[in-house]
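Asker: One structure coming up, written as structure tokens, with questions to follow.
The values are calculated or read from the model by the stated rules, or taken from the named source; none is laboratory data. As the structure is a computational prediction, the values presented were derived from the model and not from experiment. Reconstructed Cβ throughout: ideal geometry from the backbone, glycine too, with neighbour counts over all protein chains shown.
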Amino acid sequence: MIRVDRERCASSGQCALSAPEVFAQDEEDGRVVLLDETATGPAIRRAVTGCPTQAIRSD
């Protein structure tokens, strides 16, 4: 399961670039929007490791 901490998000968009089918950015504040909390795979791992504020976790 994927979890995001929107308060920690810095709106860099790396997650949305890594896995656009799973992550988007809020149009108002640019923070992460989780589209599919059950997704798995290499793109999710890239999003988790690429997040500069560690706002994304995958269990």
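Asker: Which residue, of G50, G13, is at positive phi and of a type outside the set (S, T, N, Q)?
Answerer: Details: G50 fails: at positive phi.
After ruling out the rest, the residue left standing is G13.
Asker: Scan the stretch 1-32 residue by residue and report those that are among the basic types (K, R) and within 17 Å of R46 (Cβ to Cβ).
Answerer: Here is the first cut: in the stretch 1-32, the residues among the basic types (K, R) are 3, 6, 8, 31.
R3, the sole residue that qualifies.
Conditions (1) part of a helix (DSSP H, G or I); (2) at pLDDT 95 or above; (3) surrounded by 14 or more Cβ atoms within 10 Å (Cβ to Cβ); (4) not acidic (D, E), marked per residue:
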{"residue": "R6", "(1), (2), (3), (4)": "no, yes, no, yes"}
{"residue": "A10", "(1), (2), (3), (4)": "no, yes, no, yes"}
{"residue": "E27", "(1), (2), (3), (4)": "no, yes, no, no"}
{"residue": "E37", "(1), (2), (3), (4)": "no, yes, no, no"}
{"residue": "T40", "(1), (2), (3), (4)": "no, yes, no, yes"}
{"residue": "A43", "(1), (2), (3), (4)": "yes, yes, yes, yes"}
{"residue": "A47", "(1), (2), (3), (4)": "yes, yes, yes, yes"}
{"residue": "Q54", "(1), (2), (3), (4)": "no, yes, no, yes"}
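Asker: Of all residues in the stretch 12-25 being part of a loop (DSSP other than H, G, I, E, B) and not small (G, A, S), which is surrounded by the most Cβ atoms within 10 Å (Cβ to Cβ)?
Answerer: Step one: list which residues in the stretch 12-25 are part of a loop (DSSP other than H, G, I, E, B), which gives 12-13, 19-22.
When the remaining residues are screened for being not small (G, A, S), the result is 20-22.
Details: P20: 13, E21: 10, V22: 22.
By that ranking, first place goes to V22.
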